[in-house]
1. Bin all alpha-carbon pair distances of segment 1-111 at 10 Å intervals from 0 and give each bin's fraction as a whole percent.
2. So if we plug the beta-carbon distance of residue 41 and residue 132 into 1/(1 + (r/R0)^6) with R0 = 25 Å, what FRET efficiency do we get, rounded to 0.05?
3. Quick one: order 136, 177 by neighbouring beta-carbon count within 10 Å, fewest to most.
4. Sequence gap at least 6, Cα distance under 8 Å: using those rules, report the relative contact order of the chain to the nearest whole percent.
5. Could you pull the Rg and Dmax for the chain, using just the Cα atoms, both in Å?
6. For the chain, what is the calculated [θ] at 222 nm in deg cm²/dmol (nearest 500), taking -39500 (n - 2.57) for each run of four or more DSSP H residues and dividing by its residue count?
7. Ranked by Cβ crowding within 10 angstrom, fewest neighbours first, how are 29, 110 ordered?
8. Note the full-extension length gain between residue 17 and residue 124 as 0.36 nm times their separation in residues minus their Cα-Cα distance, in nm to one decimal.
């Protein structure tokens, strides 16, 4: 289960980098609507790839959120629910962004009216959804970190880095100071690598009887 979670998270990281950081800048010119339209019409395959990458982000984040819930639900149900909830909200926002970008591609392929400004508006709204989504992306890192801290299934230093990363991401949505997001890169790739290489091998620190109860077992009744 841990390695499956790591694979989904790795897919999220790769699709996010290829889509938002590599493909999108090659298509969207924030200062020139005509250039954005020309990029879409001149590179239709790249425009389609951007939508595909955004849909892959949605898919992999939803699956990562679900598998993190499965991984932590018996040992830290509150944090597990937080990861699932915030992850699904963020993936929903990116899903809307993908729909807007798909609409921009359709307009570029068959222009009507003021196509350049319409396409530019759709890309601008998509970008704002990413900014809003960053709040929830930060919020999903915080319970991810608390789950690591509370369960003892991974190094505690990783848990603190994830919590700090989440706070930084949330603050970045308001102050737009890029260094606030740098720590998240360390935390995310650390937990991805740990899940893929080690899984979760360390037992949590509770007494065996309490751990069994958390996993759904019943306390045996002593008969005298």
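1. 15, 38, 25, 14, 6, 1
2. Working from the Cβ atoms, E equals 0.30.
3. Fewest-to-most ranking of 136, 177: 177, 136.
4. In percent, rounded to a whole number, it is 21.
5. 20.9, 86
6. Estimated from H runs of four or more residues: -26000 deg cm²/dmol.
7. Lowest count first: 110, 29.
8. Contour length minus Cα-Cα distance gives 36.6 nm.
Read-outs throughout are calculated quantities, based only on the coordinates presented, and are distinct from any laboratory measurement. Every value quoted in this text rests on a predicted model; they were computed, and no experiment measured them. Note that we place each Cβ from the backbone using ideal geometry, even for glycine, and neighbour counts take in every protein chain shown.
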